[in-house]
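The values are calculated or read from the model by the stated rules, or taken from the named source; none is laboratory data. Keep in mind the model is a prediction, meaning the values are calculated, not measured. As a convention, Cβ positions derive from the backbone with ideal geometry for all residues, glycine included, and neighbour counts pool all protein chains shown. Side chains included, ligands, DNA and RNA excluded: accessible areas come from the protein's heavy atoms. Shrake-Rupley method; radii C 1.70, N 1.55, O 1.52, S 1.80 Å.
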Amino acid sequence: MVCLKFTSPWVEDHKMSPVIAANHSNADPWYCSCYPSQVDDSNNNSSVQETQGAILPDEKGQASPLVVPESFNKPDQELVDKINGNMDDKRVLIVAAANYGMREYVYNWIESLKRTGEGDRFLVFCLDDQLYSHMVAAGYEQHAATIPRSWFHDEVHSDFEEYYSIKYRIITHAKTLIVQQLLYMDVTVLFSDVDVVWLRPRLRDFMLTFLQIRSKTQAIFQQEGTDQKVINSGFYLMRPSDDMKRLLAETIYLADTDKTLTQQGAMNAALDHVNMELRSTGVVLLDILHFPNGYVYFENDWCRQHGVDPYMVHANYLVGDDKRKQLEDKGFWYVDKQWLDSIDAKIQQ
C-alpha cells in the first residue's frame, strides 16, 4: 500500500506564506498582491522568482487577487486510508466527484474503468450522503468517500443539474476544492468527469508519460472546443507542484468572487496569468482527436471520419436525456437499468 506524504505541517487553519501574509489586505480577507509587479522583493527574492514563469499579470500589468495556502487541516484517517488504497505506486489517483443525481453516470464511468483495466484503483468523492450510501450498497465502499464539510464553500444539492445553472456552478466549483486538497497531500491527480467514457487500456500510464518525459510539464488538459485556446476542466492530470497550487488558488478565488463563472470558466481565466509560451509552458493540451470532447466526437464525428481510435470520449456539449441517448447509440452506455433500480430500492428502504 502506498502511504501519503504530507509535504507541509498540518495546522488548525490555512496558513499563508510570509510574503503573502505581509501583503494581505484588510479590505478583502482573500486578497493578496503577490505578483512581481506588486511585491517588494528587497527582503525576499525567492517569492518573486517562484511567481515568474508561473502566474503572471495580465496584458495591462494588473494582477488578480490571490492567496495560496501553505497547508490544510489533515482529513480523518478513514479518508486518508481510502486515498492510500486507491493510489498507484507512482502516487497517481484517478478521481471523480458527483452527487446522487449523477449516479447512473458514476456507474457508467466505473464500468468503463473496469473495461480498460483501471477498475481496481479509483476514488469517487461523493458530494452528498445519498450517493455515498448508494455506492456502499452497490459494493463500492472502498472507492467512495464523503467530503469533509470544511472543504466546501457552498452547499451542494443532490439533484442532477443542467449546465450553467447556479447549482451546477456550485457542483463544479466543489471539484476544484477537492483537487486542491489532494495536491497538498502530494497526490498527482487524474481528474475525470463522470460523463467521460474510458475506451483504451493503460490510459493512466499513457498520460503520466507526458509528465515524466518533460519535467517542466505540470498539467495536461483535455481541450474545450477546437481552437486550442480553452481547456476542459473535466479531464486532466495535474502534479502537486507549487505552480499548480497557485493556479487552483486563483481558480477558487475567481469562482468565489464571481458567481457567474463556472469552474471551467474560472480555471481558464486563471490560466490567463500562466506562462503559455510553447517552449516553456507547464500546461500541455491533449490531442483533440485522441481525447475528444463532445463537440468533436458527437456533433462533428471527426474521430470516425479520420479513422482515429480515441483513448476516451467526453459526453459534454450534450444536455438532458440526449447525453445518455448519444452514449447508448455509440455503444458506450453500460449501466443495467434493472440493477440500478434495485440499488435505488435498497437504499430507500
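Only Cα sites of the stretch 265-327 enter the Debye sum here, all with the same form factor; the resulting log10 I(q)/I(0) across q = 0.18 1/Å is -0.79, listed in q order.
Sequence-ordered 3J(HN,Hα) estimates for the stretch 177-182 from the Karplus curve with 6.51, -1.76 and 1.60 and θ = phi - 60° stand at 4, 5, 4, 4, 4, 5 Hz, glycine and proline given as x. Sorted into 10 angstrom bins from 0, the C-alpha pair distances of the stretch 76-134 split as 22, 51, 26, 1 percent. Put ARG246, ARG279, ARG121 in order of accessible area, highest first, and with a 1.4 Å probe you get ARG279, ARG121, ARG246.
According to the calculation over all Cα-Cα pairs in the stretch 234-338, the P(r) per 5 Å bin from zero is 2, 10, 16, 17, 15, 16, 12, 9, 2, 0, 0 %.
Legend: residue pairs LYS114/LYS175; LYS229/LYS323; LYS114/LYS259; LYS229/LYS337, Cα-Cα distance threshold 31 Å; pairs beyond threshold, LYS114/LYS259; LYS229/LYS337. Computed over neighbours whose Cβ is under 13 Å from that of GLY117, the net charge equals +1, Lys and Arg +1, Asp and Glu -1. Working ranking of peptides 257-267, 324-334 by packing, defined as the average number of other Cβ atoms within 10 Å per residue, highest first, is 257-267, 324-334.
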